[in-house]
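Everything on this sheet refers to the single structure shown next.
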Amino acid sequence: MEDEVDRLVSAWRRERPDLDVEPLEVLSRVSRLARHLDRARRLAFAEHELEPWEFDVLTALRRAGAPYQLSPGQLLTQTLVTSGTMTNRIDRLAKKGLVQREPDPSDRRGVLVRLTDEGRDRADEALAGLLEQERAILVELSRTQRRELADLLRQLTAPFDNTPG
């Protein structure tokens, strides 16, 4: 089965035989897949009236386990945004009733961000919708193929995940 990337690679090989265009065979497909995944994510989140960044913050809190709270600094680490951006995001989520700020009992100057019941429900529902969309993307692969692909992608992404900054 030929796809658009095969046609692109073939054209480059014809036009620039002096270049090794093999990376395009993998990374152009990853890029195209990322665009499809982004659309699927946006659709799943929109069905639950969430923006992707809202889902990211809510699910970081949800993954923390009961009582579903983290410090703003911990949220920064998990969502890779600046402190100013995180403050704005927490404010907006609090205004929607999806999170609340509480004093940090271990630091009188600090606060904790806690998921409200509504925030937990929306995160759970949006996650279920996202997984449904993602399963549809992966439907052509067997369970074994999905595991193999996950292992290969982990091998490619791990160096980036373990690099500071």
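The values are calculated or read from the model by the stated rules, or taken from the named source; none is laboratory data. Treat the numbers as computed from the prediction; the structure is a model and nothing was measured. A quick note on method: Cβ atoms are made from the backbone with ideal geometry, for glycine too, and the neighbour counts reach across all protein chains shown. Remember, those area values only see protein heavy atoms, side chains included, never the ligands or the DNA or RNA. Shrake-Rupley method; radii C 1.70, N 1.55, O 1.52, S 1.80 Å.
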Review point. Amide H to amide H, which residues 5 or more places from Asp104 or on other chains are under 5 Å from it, using H placed in the peptide plane?
Key: Gly110, Val111, Leu112
Check your understanding: Which cross-chain or sequence-distant (5 or more) residues have an amide H under 5 Å from the amide H of Thr116, H modelled 1.01 Å from N in plane?
Key -> Val99, Gln100
**Study point:** From the C-alpha gyration tensor of the range 1-98, square roots of 5λ in Å
**Key:** 41, 15, 11
Review point. Ignoring any ligand, DNA or RNA, what whole percent of the accessible area of the chain comes from carbon and sulfur when the probe is 1.4 angstrom?
Key: 53
Check your understanding: Rolling a 1.4 angstrom probe over the protein heavy atoms, how many square angstrom per residue are accessible across the chain?
Key -> 70
**Study point:** Chain lengthening between Arg39 and Leu141 when straightened (0.36 nm per residue, less Cα-Cα)
**Key:** 34.7 nm
Exercise for review: Of all alpha-carbon pairs in the range 36-165, indicate the percentage at a distance above 26 angstrom.
Suggested key: 32
Check your understanding: With each pseudo-label sitting 7 Å past Cα toward Cβ, what's the Asp117-Thr79 distance in nm, one decimal?
Key -> 2.4
Revision key, fill the gap. Nearest 10, in degrees from 0 to 90: the angle of helix 83-95 to the longest Cα principal axis of the chain is 70
Review point. What share of Cα pairs, in percent, lie more than 20 angstrom apart in the range 91-165?
Key: 62
Point to revise | Distance (nanometres) between label positions extended 7 Å along Cα→Cβ at Arg101 and Leu19 | key: 5.0
Practice item. Compute the acute angle (0 to 90°) between the alpha-carbon long axis of helix 143-161 and the principal axis of greatest extent of the alpha-carbon atoms of the chain; round to the nearest 10°. Key: 70
Study note, to complete from the structure: Whole-Å distance linking the alpha carbon centroid of the range 17-50 with that of the range 72-122 is 30
**Study point:** Where trypsin sites (Lys or Arg not before Pro) fall in DSSP loop in the range 92-137, at most 15 other Cβ within 10 Å
**Key:** Lys96
**Study point:** Ser10, Ser28, Ser106, ranked by accessible area, largest first (probe 1.4 Å)
**Key:** Ser106, Ser10, Ser28
